[in-house]
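Just below is one structure, and these are the notes that go with it.
The values are calculated or read from the model by the stated rules, or taken from the named source; none is laboratory data. Keep in mind it's a predicted model, so treat the numbers as computed, not measured. Cβ atoms come from the backbone with ideal geometry, glycine included; neighbour counts cover every protein chain shown. Ligands, DNA and RNA are stripped out before the accessible areas are found, and what is left, the full protein with its side chains, is counted by its heavy atoms. Shrake-Rupley method; radii C 1.70, N 1.55, O 1.52, S 1.80 Å.
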Amino acid sequence: MIEYNGKSYICPLDLGFETIRGKWKAVMLCHLSEGPKRFLELQRITSGVSQKVLSESLKQLEIDEIITKHIFPEVPPKVEYSLTQKGQELVPALKIIEAWSKKNFSDIINK
């Protein structure tokens, strides 16, 4: 058993998946791998995520040091989210899962 932040995990894989668990986190990370994005841009790209869920997911990814939030000193404030080094290290794993999905579910994806 692994204890981290008051939670128990069965193995390192379980702990690693906690970082991207949920419907939207991995999707946001794939989009952020293409470059920094603003909040509304992420909401538009992920079409279907509520503002509350997006905000909570971004906050958790920021706490886990997977993304960084950059606030520009202008009026109105401009905020961009981008991957940290730790987040960039996740991208190859996500791309492997994406390729696996395309290969094994091509009939569904191409409909």
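Whenever you get a sec, compute what percent of the accessible area on the chain sits on carbon and sulfur atoms (1.4 Å probe). If you can, show how the numbers build up before the last one.
Numbers: 4490 of 7750 Å².
Answer for the chain: carbon and sulfur cover 58 percent of the accessible area.
Can you run phi through the Karplus equation (6.51, -1.76, 1.60; θ = phi - 60°) for segment 21-38 and list ³J(HN,Hα) in whole Hz, with x for Gly and Pro?
5, x, 6, 10, 4, 5, 5, 4, 5, 4, 5, 5, 5, 7, x, x, 9, 8
Residues of segment 51-94 with amide nitrogen under 12 Å from the 7 Å Cα-to-Cβ point of Asn5?
Zone members listed by number: 57-67.
Loop-only check: which GluC sites (Glu not before Pro) in segment 44-79 are DSSP coil with at most 11 other Cβ within 10 angstrom? Write out the running numbers ahead of the final one.
Working: sites: Glu56, Glu62, Glu65, Glu74; in loops: Glu65, Glu74.
Within segment 44-79, the qualifying GluC sites (Glu not before Pro) (loop, at most 11 other Cβ atoms within 10 Å) are Glu74.
What value does segment 43-111 have for Rg/Rh, both radii from Cα atoms and Rh as Kirkwood defines it?
Details: Rg = 15.7 Å, Rh = 14.4 Å.
Answer for segment 43-111: 1.09.
Once label points are set 7 Å from the Cα along Cα→Cβ at both Glu41 and Lys111, what is their separation, rounded to one decimal in nm?
Simple spin-label model gives 3.3 nm for this pair.
Sum -39500 (n - 2.57) across every DSSP H segment of at least 4 residues in the chain, then divide by the residue count to get the 222 nm mean residue ellipticity, nearest 500.
On the way: 6 runs with 61 residues, N = 111.
Only helices count here, giving -16000 deg cm²/dmol.
Could I have the simple spin-label model distance between Ser50 and Gln85, label points 7 Å from Cα toward Cβ, reported in nm to one decimal?
If labels sit at Ser50 and Gln85, their model points lie 3.8 nm apart.
Give the shape of segment 1-59 as rounded, prolate or oblate, defined through the alpha-carbon gyration tensor: a ≥ b ≥ c are the square roots of its eigenvalues, a/c under 1.5 means rounded, and otherwise the shape is prolate if a/b is larger than b/c and oblate if not. Can you show the working numbers first?
On the way: a/c = 2.95, a/b = 2.20, b/c = 1.34.
The shape class here is prolate.
How much solvent-accessible surface does Lys86 expose, in Å² to the nearest 10, with a 1.4 Å probe and all protein chains in place?
Counting only protein heavy atoms, Lys86 exposes about 100 Å² to solvent.
What pairs in Lys52/Lys102; Lys23/Lys95; Lys69/Lys95; Lys25/Lys78; Lys52/Lys95 have C-alpha atoms more than 19 Å from each other? Walk me through the numbers before you get to the answer.
Values: Lys52/Lys102 30 Å; Lys23/Lys95 16 Å; Lys69/Lys95 23 Å; Lys25/Lys78 22 Å; Lys52/Lys95 27 Å.
From Lys52/Lys102; Lys23/Lys95; Lys69/Lys95; Lys25/Lys78; Lys52/Lys95, over 19 Å: Lys52/Lys102; Lys69/Lys95; Lys25/Lys78; Lys52/Lys95.
Using a 1.4 angstrom probe, figure out how much accessible area the chain has per residue, in square angstrom, rounded to the nearest whole.
On the way: 7750 Å² over 111 residues.
Accessible area per residue, the chain: 70 Å².
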